[in-house]
Amino acid sequence: MTNDNNKKHKIVIVGGGAAGLELATSLGCKLGKKGLADITLIDAASTHIWKPLLHEVAAGTLDESEQVEYLPQGHRNHFSFRLGRMEGLDRKKKEIYVSPTLSDSGEELIPSRVFSYDTLVMSVGSVSNTFNIKGVAEQCLFLDTTVQAFKFQKQLFESYLKSYIGKNSATVKPLSIVIIGAGATGVELAAQLYEVTNVLAIYGLNEKSTVKLTIIEAATQLLPALPLKLATATQQQLVSLGVDLRMGRRVTEVTKEGVKTHDGEFIEAGLKVWAAGIKGPDWMKDMDGLEINHINQLIVDSYLKTNDDAVFAMGDCAACIWEGHNGNVPPRAQAAHQQASVLAKSIINRINGRGLEKFVYYDYGSLVSLGKYTTVGNLMGNLMGTVSIGGFIAKVVYLSLYKMHQVAIHGYFRTAMLTLSNAFRRSVYNKIKMH
């Protein structure tokens, strides 16, 4: 597919999330190692964390060893990593444009650059959809990226110190945290925060945990991806933990002091977290004629190809029809994993002049973890249909999803060693990060 047979095929992958990193690793081992192609992964961050774990980063409970450094990962797996944020595309020249990388003080560390490609894969994930609600962008914290998750973790700990240290416990006002959105991210974050605040109390920062957790959801049911029975069980668990659930409440404005709902209620909040809805990044509105939908996702066919034969998209930034269902493939980690596997085969076929592999999404169910308290979900298969699971079995299956991702980027041996080392680390290090 290159113009010059003496040149290696240039594959550029933009976005190092679950799908992007798995694809870069796979192609690096299958093509880069043999000198059959040049694979370049571009991301605005230098490290990767599996997105379903960002709520643990925000709560400060994730082991730092779970982060993957892109540079050594690329070196081990024969692809190049370049730090930067994509800002433009020229399809005719087959070039993408990456903005300068700046320090915290505004100093230019890396100048703007241009990367040429023969095959381009967009895998930039998604960002929160604020639906243009007043005050959300200015007053809420988000969990779209690792940087945002660490920002939340820092503000959480600082707010806890400000609320309790040196205060009279009899008159102290509870730290109030409001989570807007009762999908998997919001529910899992609430359970994780409950555990964290109790651990902080055990550590002696406060005699008793008095953090007030509230979830606001426009729908009348938690976790719409799960059956009603499981959603109800999850709701009962959250209520037993003391989480205040405000269902059927649509947020109309967020202020510095709290959150306003459509029925005129005002809920005070020291920390506000937005976890309701996703969309593609705003800069994807101008992709040199590539078709997008109303939430900035690139429209792809059943081969994950855009309206440009040289440009593909996968993961949360791609809108792919879910055949046999009314709608698109859902933005889940299992979908990203499946798309990366199929696209790796398609790109190899493309280089060799063969046809593309068709993507067929297999839904294996949904799982939601409430930390140490419980895990619930449903498994789907041709032989057993839909089966609801909970407790230990659900926790094992939930963990296995992450292990599949680790195996895809590290292989079986390294994944086993990481799992073993993390088990030992947990017996030595703090349960939470407090800085």
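The values are calculated or read from the model by the stated rules, or taken from the named source; none is laboratory data. Everything quoted here is computed from the prediction, not taken from an experiment. All Cβ positions, even for glycine, are placed from backbone atoms using ideal geometry, and neighbour counts span all protein chains on display.
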Qualifying residue in the range 220-242 (condition: surrounded by 15 or more Cβ atoms within 10 Å (Cβ to Cβ), hydrophobic (A, V, I, L, M, F, W, C) and in a strand (DSSP E or B)):
no
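Listed here are the residues, each with its yes/no results for (1) touching a Cys at 6+ places or on another chain (Cβ under 6 Å); (2) not in a helix (DSSP H, G or I).
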position	(1), (2)
Asp104	no, yes
Val124	yes, yes
Thr185	no, no
Ala191	no, no
Against the conditions (1) loosely packed, with under 14 Cβ neighbours inside 10 Å; (2) β-branched (Val, Ile, Thr); (3) outside any helix (DSSP H, G or I), where does Ile267 fall short? Just the number, please.
(1)
Going by the conditions given, is Gly280 touching a residue at least 60 places away in the same chain (Cβ under 8 Å) and either surrounded by 19 or more Cβ atoms within 10 Å (Cβ to Cβ) or not assigned by TED's automatic domain parsing to the domain that holds Val342 (or both)?
yes
Which one is nearest to Glu66 (Cα to Cα) among residues in the range 131-162 that are modelled with pLDDT of 95 or more and of a type in the set (Val, Ile, Thr)?
Val136
What is the number of the single condition among (1) at pLDDT 95 or above; (2) surrounded by fewer than 24 Cβ atoms within 10 Å (Cβ to Cβ) that Gln339 does not meet?
(2)
Looking at Glu22, Glu108 in this structure, which one is assigned by TED's automatic domain parsing to the domain that holds Lys285, under 17 Å from the mean Cα position of the chain (by Cα) and of a type in the set (Asp, Glu)?
Glu22
Please find, within the range 121-132, the residue that is farthest from Gln297 (Cα to Cα) out of those that are out of contact with any Asp or Glu (no Cβ under 7 Å at 6 or more places or on another chain) and surrounded by fewer than 23 Cβ atoms within 10 Å (Cβ to Cβ).
Asn132
Tell me the residue from Asn198, Asn206, Asn168 that is within 29 Å of the chain's Cα centre (by Cα) and modelled with pLDDT under 90, please.
Asn198
For the range 1-97, which fully contained strands (runs of 3 or more DSSP E) count at least 1 residues that are buried (at least 22 other Cβ atoms within 10 Å of the Cβ) and without any contact (Cβ under 8 Å) to a residue 60 or more places away in the chain?
37-43
